[in-house]
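Notes for the one structure printed next.
Values in this text are rule-based calculations from the coordinates and carry no lab data. Because the structure is predicted, anything quoted here is derived from the model rather than measured. Every residue, glycine among them, receives a Cβ derived from its backbone with ideal geometry; neighbour counts consider all protein chains shown.
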Amino acid sequence: MKYKTEPGTAKAHFLILLAACIFIQAMLLYQYGIITSNEAVKYAREANNFLNGKGFSEQKYIFYSVYIFTHIVFIKAGFETVGVYMFQLLVNLLSVYFLYKTARKVYQNTGIAFIAALLLIICLPFQYWTVCLYTESLFCSLIIILLYSLFGTDTNNRIRYAYAALLFLLLLFSRPTGIFFMAVTAILIFYKFLHERKITAAVLGILLAATGFVFFLNYEMNSASSYNFIKPYLEHYVICDVPYPGSTPLANIYGSGIRAVVSYARDNTAEFLHLFFLRLVSFWGITRPFYSGLHNWMLRIFFYPLYLAAIISVIKQWKTKQALIIFCLATMGAFTISAMLTCDEWSNRFIMPVIPLVIFLAANGIFAMFNKKR
């Protein structure tokens, strides 16, 4: 059943949202310009290496290949920096549009759809990454489009799943953390088969997905010398590369990889759990000790009510929208556990992929709260 919107409402919403997008992006571009330093240097370098027949400098760049290929396209076109920026800006705008459409389809309410899209647009910590030639902007936009392909369209299942499979592959090769969607997909398939009482298929599906996840994870962990997963424990990182105050670095007697982390956790259980908890607080707390007091309070005022509204939405919608909520919670859980097992990023990059899902859920919770008051 297609959703029937009020005449003119959607058009008015799109005009307001487009104006807001233009204002926010123009402000960010004026303030920061197009950022091509730090992380951005790697992708431009790898693109030029590839064009010169050298291939990737490390295997890990296979998992950034979608973004590197984007650079290659615009290097060939003759305007790499502006081209990549315009491309990820366009995909960002499309993702806002798809978030609106998904919310309207799922919640059958244009007001909730408008709130979701507007919150994403004015979320400056999220929108900031559009002016950075990093992988975050494209990666996060693809997550929103994946959400749309699964839950926001009325097309038949075969077409929806084909689009979802393509987006899954794009995510897998846009950032190494795209591998988490193997786990998310496995959980969704497991839920679907259980819901249909296909127990054997559910068990086989989860085993197959788990095998694939472990294979890719092991490949990623061994694809670069910079992937040292025991280092954050030995040097007591909560924020990556920032030792916890007062801590003393430990000698590495554990080696590397997953086995090293398991051995460390066994020998230092209390310290492992302490770091695990501090990273959880850092990940969802958003604030940073090196931000100003005003900056931290602005982050709290914007994000913490969203968390509460999202929780309300999950509780209210659980019985009627289980697959959607499982997708959102599984994605949030995967990125959260990843940060807890390694470290959190100083500029909050690691939480950005889950922010659109928090906003998507929170928009419904906000509408519910204000509706109740009226």
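Pull up the cross-link candidates among the aspartates and glutamates for Lys198, meaning alpha carbon to alpha carbon under 18 Å and not fewer than 8 places away within one chain. Cα-Cα hits under 18 Å: none found.
Derived scalar couplings between HN and Hα for region 85-100 equal 4, 4, 5, 6, 5, 4, 5, 4, 5, 4, 5, 5, 4, 5, 5, 4 Hz in order, rounded to whole Hz, by the Karplus curve 6.51 cos²θ - 1.76 cosθ + 1.60 (θ = phi - 60°), x for Gly and Pro. Shown here: semi-axes √(5λ) of the Cα gyration tensor in Å, derived from the displayed model; of the candidates [x] 32, 26, 24; [y] 31, 26, 19; [z] 75, 30, 13, it corresponds to [x]. Charged side chains reduced to their Cβ positions (Lys and Arg at +1, Asp and Glu at -1) give region 144-264 a dipole of some 380 debye around its Cα centre. Packing-based ranking of 34-43, 190-199 yields 34-43, 190-199, ordered from highest to lowest mean Cβ neighbour count within 10 Å. Sorting 104-117, 305-318 by average packing, meaning the other beta carbons within 10 Å per residue, from highest down gives 104-117, 305-318.
Per-residue counts of other Cβ atoms within 10 Å, averaged by peptide: what ranking do you get for 245-255, 150-160, highest first? Each step should come with its number before you reach the end.
On the way: 245-255: 11.4, 150-160: 13.5.
With the highest mean Cβ count within 10 Å placed first, the list reads 150-160, 245-255.
In this simple spin-label model, placing a label point 7 Å from the Cα along the Cα-to-Cβ direction at both Thr269 and Met298 gives a separation of 4.5 nm. Listed cross-link partners Lys11/Lys316; Lys101/Lys319; Lys192/Lys319; Lys192/Lys321; Lys60/Lys231; Lys105/Lys319 are compared with a 20 Å cut-off, the Cα-Cα value being larger for Lys11/Lys316; Lys101/Lys319. What residue among Phe87, Leu217, Phe63 has its Cα farthest toward the positive end of the dipole of the chain, where the charges are +1 on Lys, Arg and -1 on Asp, Glu, each on the Cβ? With unit charges placed on the Cβ atoms, the residue in question is Phe87.
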